[in-house]
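Each remark here refers to the structure printed beneath this line.
The values are calculated or read from the model by the stated rules, or taken from the named source; none is laboratory data. For clarity, every value in this text was computed on a predicted model and none was experimentally measured. Note: ideal-geometry Cβ built from the backbone for every residue, glycine included; neighbour counts use all protein chains shown.
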Amino acid sequence: MKWSVSGSRTFFQCPRRWYYETVFANSRAKDPARKEAFILKQLQNVRAWRGKLVDQVISNFIVPKLNRNEVVDLKEALDYAHKLFETQLAFATARRYRDPSIKKSDDETAEDYCALFELEYGGTIDQKMLNMIESEMIASLTNFFNSRLLAQINESHPYLIAQRAVQFPFADVNVQCTPDLIAFFKETEPIIVDWKVEAPKHKEHFIQLGTYAFALSRAKPHKDFPAEWLSTIADPTKVGLTEFQLLRNRELQYSLTEQDLVDVEDYIYKTSSRIQHMFNGNSSARDPTCFPQAKSANACLWCKFKKICWEESSS
């Protein structure tokens with residue numbers, strides 16, 4: 001069974017939604033409901049899409065250039081972002097994600113692939129909202145280009161790894177985390193960076209970053225992890241943590257103590273145990289209705305699986 005930070009948050013909001021997303025959805029299943037769940041799993045609201053666009057520009061365009069020690073130009077990055085915005089919006093508007101001949105993992109469609117909740121359930125997105133999403137994307141990327149973090153990267157030329165999954169076994173679950181960025185510097189400690197385009201005021205995401213560092217220390221290193229840093233990342237207290245709230249232009253830096261590591265491990269254990277308890281020892285369960293729905297009506301209103309969830313609940 002898989003455990004992740006985002007997955008555990010979804011589980012506490014609505015166990016049934018977690019089950020649809022983590023276990024039930026399957027593009028290759030013969031069951032039409034499981035195929036439909038896979039399609040609905042791809043949906044994101046426009047604000048989440050804005051964050052994904054920013055992340056794609058940084059991960060797929062900026063980071064590769066930085067690793068090649070190339071000059072990264074803001075205008076060039078914004079042009080790339082605008083093109084991505086237009087092609088993904090067109091993809092979602094045409095509902096191409098419902099085309100059975102298109103696979104999300106295909107190289108030809110991976111970058112353009114986009115499925116928007118508002119279009120699937122409401123039909124249209126207000127132009128004013130689209131303008132705001134694009135302007136906030138531009139503001140976030142501009143803040144990144146003017147940041148202390150990018151100045152540090154340009155000065156030290158670390159090896160950057162974006163969106164790399166790290167996983168390790170823990171008790172009876174497989175813990176999987178995907179940090180937005182891992183930066184291996186030459187002379188200073190490696191850092192893990194998590195982008196938040198928009199985060200609630202005064203809310204910090206320390207436990208998420210702490211879990212990333214914990215996972216990095218337990219996981220089998222990828223082949224491209226610099227050998228000289230393997231002993232360092234084995235100790236999470238020696239890894240720097242940065243939360244970058246891009247839209248607010250706010251960088252928060254953390255470090256872990258031994259007690260923090262105990263708290264992170266306890267968090268993983270308690271949440272994964274609650275998830276396992278829902279299965280009653282049967283990890284092959286395939287009936288979503290065995291899992292409770294969200295207690296909040298607002299959670300149901302914005303749930304991407306409500307089409308199939310409500311059908312099954314009424315049948």
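Quick check on K30: is it surrounded by fewer than 20 Cβ atoms within 10 Å (Cβ to Cβ), under 28 Å from W310 (Cβ atoms) and among the basic types (K, R)? When the stated conditions are applied, K30 passes them. For beta carbons closer than 8 Å, sequence separation of 6+ or different chains, a first residue in region 130-141 that is closer than 18 Å to F117 by Cβ and surrounded by 19 or more Cβ atoms within 10 Å (Cβ to Cβ) and a second that is at pLDDT below 95 and among the acidic types (D, E), the qualifying pairs are E136/E198.
Would you check which residues across region 93-136 are among the β-branched types (V, I, T) and either touching a strand residue (DSSP E or B) at 6+ places or on another chain (Cβ under 9 Å) or modelled with pLDDT of 95 or more (or both) and list them? Within region 93-136, T93, I125, I133 meet the criteria. Using the structure shown, decide if I58 is farther than 22 Å from W195 by Cα and in a helix (DSSP H, G or I). In short, no. Residues in region 208-233 that are out of contact with any Pro (no Cβ under 9 Å at 6 or more places or on another chain) and without any contact (Cβ under 8 Å) to a residue 24 or more places away in the chain: P221, K223, E228, S231. Sub-7 Å Cβ pairs linking a first residue in region 6-34 that is in a loop (DSSP other than H, G, I, E, B) to a second residue that is of a type outside the set (D, E, K, R), at least 6 apart or interchain, are C14/Q293; C14/A294; C14/A299; C14/C303; A25/A37; A25/F38; N26/F38; S27/F38, ordered by first then second residue. For the residues L66, L78, the requirement of being closer than 20 Å to F244 by Cα, in contact with a His (Cβ under 9 Å, 6 or more places away or on another chain), touching a residue at least 12 places away in the same chain (Cβ under 8 Å) and not β-branched (V, I, T) singles out L66.
Scanning for something within 30 Å of A139 (Cβ to Cβ), at pLDDT 95 or above and not in a helix (DSSP H, G or I), does region 202-219 turn up at least one residue? Among the residues of region 202-219, not one is within 30 Å of A139 (Cβ to Cβ), at pLDDT 95 or above and not in a helix (DSSP H, G or I), which makes the answer no.
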